[in-house]
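The values are calculated or read from the model by the stated rules, or taken from the named source; none is laboratory data. Remember, predicted model here, so these are calculated numbers, not experimental data. Neighbour counts are summed over all protein chains in view; Cβ atoms, including those assigned to glycine, are modelled from backbone coordinates with ideal geometry.
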Amino acid sequence: MNVTKTHKLSQNGHSTGLTVTQLNAIDVLAQGKTDQETATVVGVSRESVSRWKNHNPNFIAELNKQRRLIWGASHDRLRSLLPKAIDTLETALERGDSKVAMELLKAAGIYGQIKPPSGSTDPEMVLWEEAIEWAKTELLKQGPSAEPEIEMLFHNSKLSTLAHDKMDELRKSRL
């Protein structure tokens, strides 16, 4: 497994605010390795990798970017195989066996649909999504209101206030 000692920028050339070890961990994770395998390769504990993946918005955003890059390249490669798949499909259909060709067409997104990786690539948006989910959970904990009509009027305002407060807290603790 190749890791670098000078990995300071994301592939788009911008500073990521991450250490070389974290950037190397992202490279390893993006290749499909487990947290434990990643930790072993980059020389940290599995808990560190897990903490970065779940609580560090810069790490999460950069990992999402790398996954999208890999997904895009893989998808392009599959698309380049389409002429062969169509030829194989034609031959297979003539033989009455279309399973392999049909599966390739499914993977390329022509038959069925493959969704690209989701998740924000912006650390601020990673935090905002977390803040919104937290705020929704907090509102649910309050239970039903005695006056649901009035509650409906103020729900979005309460959600927004809670989310903004949580966002401020997350920024202070994680960015």
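Overview of results
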| item | result |
| --- | --- |
| Among the residues listed as Thr34, Thr40, the single one being more than 17 Å from the chain's Cα centre (by Cα), β-branched (Val, Ile, Thr) and surrounded by fewer than 19 Cβ atoms within 10 Å (Cβ to Cβ) | Thr40 |
| Output for the range 117-173, where each listed residue is over 24 Å from Leu63 (Cβ atoms), among the acidic types (Asp, Glu) and not in a loop (DSSP other than H, G, I, E, B) | Glu138, Glu149, Glu151, Asp165, Asp168 |
| Whichever residue in the range 109-125 is in contact with a Lys or Arg (Cβ under 9 Å, 6 or more places away or on another chain) and modelled with pLDDT of 85 or more and, among such residues, is nearest to Ala85 (Cα to Cα) | Gly119 |
| Members of the range 139-170 found to be among the charged types (D, E, K, R), modelled with pLDDT under 90 and surrounded by 13 or more Cβ atoms within 10 Å (Cβ to Cβ), listed by number | Glu151, Lys158 |
| Any chance Ala108 is closer than 30 Å to Lys172 by Cα, among the small types (Gly, Ala, Ser) and either buried (at least 16 other Cβ atoms within 10 Å of the Cβ) or in contact (Cβ under 8 Å) with a residue 40 or more places away in the chain (or both) | no |
